[in-house]
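The values are calculated or read from the model by the stated rules, or taken from the named source; none is laboratory data. Quick caveat, the model's predicted, so the values are computed rather than measured. A quick note on method: Cβ atoms are made from the backbone with ideal geometry, for glycine too, and the neighbour counts reach across all protein chains shown. Remember, those area values only see protein heavy atoms, side chains included, never the ligands or the DNA or RNA. Shrake-Rupley method; radii C 1.70, N 1.55, O 1.52, S 1.80 Å.
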Amino acid sequence: GKNIFPDGEVYASFPSLPKDGRFAVVHSGAPNPNDGLVELETILSILKRKGLETEVFFTYMPYSMKDKASGEGETNAAEDLLRKLVLYYGVKKMYAIDPHFHDAPWLKGLPFTSVSAHELMLSAARRKFPEAFFVAPDKGHEKRVTELKGFEKKRTDSYTVAIEEDTSAFDALRGKSVGVVDDIIETGGTMNVFHDVAKTYGPKELFAVVTHGVLPSGISRIQKSYGTLFLSNSVNQKEANV
């Protein structure tokens, strides 16, 4: 029973629920993260009022990239959200597929599990590119997937990035089928910049392997630059093929 009132407010109702059992709310933070969070909190409130033990599984966690306070007057929205779910709604366990903050120090003490989709994604890519050489467009993703080579990235602002051109590292891509692996496509900026630099070093081909496709405009941008895109259905996008 989900509805939207004329003013945009979210309504949810569960007129009949079992009195006990294991309850898991499966939630995606896209395409409307803010409306989705109101819906999630409404559902959790209903379950809490009925005294039911609840878990939350994020296929894509909203605000997962806002995982630190970057400057004065800011907050860590990802941490705030998880703590609120535990402390106010009494959520017993939380999971997320490839969250941006997967091993952040602030997760200590929280009942949170990071679930990796990378083996699934890489297996799908290897079926088409059996000799693939996988890299990460930045060091941050290298930390999430330790078997990947990552490159240094400098971010000027929220929309502008530059890849440090390490000649020896890029030379290793020459003549290879190169899979560029990342956790998320929003604007597609980082992967696009990486593609343009890497292409000058003569790889046989460049293809993209991404878990979360958040913005259709970013997905379209990646498809125009990379020959092939492997994209999971953690977010319900028509381009998802894994």
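Overall, the ratio between the Cα radius of gyration of the chain and 2.2 N^0.38 Å, rounded to two decimals, is 1.12.
Secondary-structure-derived ellipticity at 222 nm for the chain, considering helices only, amounts to -8500 deg cm²/dmol, per-run term -39500 (n - 2.57) for DSSP H runs with n ≥ 4. In angstrom, the C-alpha Rg and Dmax of the range 1-76 are 14.8, 47.
Values of log10 I(q)/I(0) for the range 1-133 across q = 0.14 Å⁻¹ run -0.74, by the Debye formula with one identical scatterer at each alpha carbon and no solvent. Pairs spanning more than 20 Å between alpha-carbon atoms, out of K48/K92; K19/K48; K48/K84; K2/K50; K2/K84: K2/K84. In this structure the chain gives 54 Å² per residue of accessible area when probed at 1.4 Å with all protein chains present.
The convex hull of the Cα atoms of the range 162-242, projected and averaged over all directions, covers 4.9 nm². Shown is the FRET efficiency for R49 and A77, computed with R0 = 41 Å from the Cβ-Cβ distance and rounded to the nearest 0.05: 0.95. Mean separation of Cα pairs under 8 Å and 6 or more residues apart, divided by the residue count, gives the chain a relative contact order of 14 percent. Sort out for me the Cα centre separation of the range 188-242 from the range 13-54, rounded to whole Å. Taking the Cα centre of each part, the range 188-242 and the range 13-54 sit 33 Å apart. Full extension of the chain between F14 and D35 yields a length gain of 5.7 nm, computed as 0.36 nm times the residue separation minus the alpha carbon distance.
If R0 is 25 Å, the Cβ-Cβ spacing of T113 and A240 corresponds to a FRET efficiency of close to 0.60.
Note on the chain: with neighbouring protein chains present and a 1.4 Å probe, carbon and sulfur make up 50 percent of its accessible heavy-atom surface. Between the beta carbons of T200 and K84, assuming R0 = 41 Å, the FRET efficiency works out to 0.30 to the nearest 0.05. Straightening the chain between R174 and Q223 buys 15.5 nm, computed as 0.36 nm per residue apart minus the Cα-Cα spacing.
Among 11-17, 184-190, 222-228, the peptide with the highest mean count of other Cβ atoms within 10 Å heads the list, and the full ranking is 184-190, 222-228, 11-17.
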